[in-house]
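Inspection log for the structure reproduced underneath, given as structure tokens.
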Amino acid sequence: MILLTGLSTATGRRVAKRLLKSGHSFTALLRDGDKAPDLKSKKVTLVKGDLSKPDSIKKAMDGIENAFLLPPTSENQFKLEKNFIDAAKEAGVKHLVKYSVLGADPDSPSTILKYHGQSEKYLKDSGLRYTLIRPNLFMQNFVNFYGQQIRKKKEIRLPLKNAKCGYVDVRDTVRLINKVLTSNGSKNKIYTITGPESLSCLEITELFSEAMGKKINYVEIKPKEFKKKMIEAGVKERVAEAYSELYKLVRDGLYDQVTDDIYKLTDRQPHTFEEFLDDNIKFFLKR
Ligand SMILES: NC(=O)c1ccc[n+]([C@@H]2O[C@H](COP(=O)([O-])OP(=O)(O)OC[C@H]3O[C@@H](n4cnc5c(N)ncnc54)[C@H](OP(=O)(O)O)[C@@H]3O)[C@@H](O)[C@H]2O)c1
């Protein structure tokens, strides 16, 4: 049996849908069952649970072989992940798949990279069989974080100068997660997953201009303005601050990385940025 977390995120929802489509049963750990109306299926066991409450996690671990940990971006992320890893170990889970991030490092100046790095280390030291999935930044951030400025202002305002980044489509990360959760072949592996090309913001605005048939401009901004824009777009202040810190490292070139892990593991090339745009063009053209 598989256990899923993070079901209200774009990644978690898609992992669940794909598992159902391929006939797999799973347990879903959720704080609020109402957030997942599409999980009402005989193949899904819904367990009300909270990563900050160890007893509630233990209940969800009953009979689990493969557990998927998708941690939230929060100041107590390491504590929440530690609770999950401890519960998995106690319950005799065979394999824990952790969603992490490219550049995860317990000594990083970025809190996002630091918390993921601390949790990775804790998991490795736990003795559990593990898989670490480290994605580059998501193409979907251009919908969730910068979508409104692209639609309304015809511009992308970021503090990234001409740094390149191997953006990955969440749909490809989901294919890889499902493969790892259902094939049982992965043992203590780390997958660094990226799209097929590394692109600067200027190159991205050119792709947007072509796809949308109107000029989209890149505007270089200071990290302070970036944080403010994220908050205006509905992102919580501490999350906006964490992304602002992370983007300093992106600007220094940390995310200028392309790997072929998605192809090697799933036998399919990851989506290009152009394909991502074609598939989301209705959203960007909506007034
Ligand atoms: N955005 C990117 O470009 C990018 C790139 C690489 C990696 N990542 C990683 O991807 C992950 C997901 O990011 P995100 O921004 O989509 O996540 P997020 O908005 O922080 O949400 C995480 C999930 O965790 C759940 N959650 C929060 N607190 C919980 C608790 N105490 N107990 C149980 N569940 C809890 C949330 O469910 P509720 O509905 O209950 O709140 C939600 O489903 C993060 O670890 C991030 O570092 C992101």
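The numbers here are math on the coordinates, done by the rules we state, and not lab data. Keep in mind that what you see is a predicted model, and the values were worked out from it rather than measured. For neighbour counting, all protein chains shown are included, and Cβ atoms are generated from backbone atoms with ideal geometry for every residue, glycine included.
Observations
- For segment 258-276, the residues whose backbone nitrogen is under 19 Å from a point 7 Å from the Cα of residue 182, taken along Cα to Cβ, are 262-271.
- Result for the chain in a Gaussian network model with C-alpha springs under 10 Å: among 139, 61, 212, the largest mean-square fluctuation is at 212.
- Rounded if a/c under 1.5, otherwise prolate or oblate - segment 200-287, Cα gyration tensor axes: oblate
- Selection among 258, 49, 71 by position relative to the dipole of the chain gives 49 as farthest towards the positive end (Cβ unit charges, Cα centre).
- Computed helical MRE - 222 nm, the chain, DSSP H runs ≥ 4 contributing -39500 (n - 2.57), nearest 500: -14000 deg cm²/dmol
- Stretchable slack from residue 217 to residue 268, in nm (0.36 nm times residue separation minus alpha-carbon distance): 15.1 nm
- Cα centroid separation - segment 204-242 against segment 247-272, whole Å: 20 Å
- Fluctuation leader among 100, 209, 244 - the chain, Gaussian network, Cα springs under 10 angstrom: 209
- Charged neighbours of residue 53, selected by a Cβ distance under 12 Å, balance to +3 (K, R count +1; D, E count -1).
- Charge dipole of the chain about the Cα centre (unit charges at C-beta), most positive-ward option of 127, 36, 141: 36
- Subtracting the Cα-Cα distance of residue 151 and residue 90 from their residue separation scaled by 0.36 nm leaves 17.1 nm.
- The Cβ shell under 13 Å around residue 91 holds other residues with a net charge of -1, Lys and Arg each +1, Asp and Glu each -1.
- Rounded if a/c under 1.5, otherwise prolate or oblate - segment 1-151, Cα gyration tensor axes: oblate
- Residue separation of residue 197 and residue 210 scaled by 0.36 nm, minus their Cα-Cα distance, works out to 2.9 nm of gained length.
- Unit charges on C-beta of K, R, D, E only; dipole of segment 2-135, Debye: 560 debye
- Charge context of residue 268, other residues only, Cβ under 13 angstrom, K/R +1, D/E -1: -2
- Dipole magnitude for the chain: about 820 debye, using +1 per Lys or Arg Cβ and -1 per Asp or Glu Cβ, origin at the Cα centre.
- Relative contact order, percent, the chain [alpha-carbon distance under 8 Å, six or more residues apart]: 18 percent
- One Cα centroid belongs to segment 81-145, the other to segment 1-49; the line between them spans 20 Å.
- Each Cα pair under 8 Å and six or more residues apart adds its sequence gap; the mean of these over the residue count of segment 2-135 is a relative contact order of 20 percent.
- Residue among 109, 135, 72 with the largest mean-square fluctuation in a Gaussian network model of the chain, springs linking Cα atoms under 10 Å: 109
- In nm, spacing of pseudo-spin labels at residue 281 and residue 190 (7 Å Cα→C-beta vector): 4.0 nm
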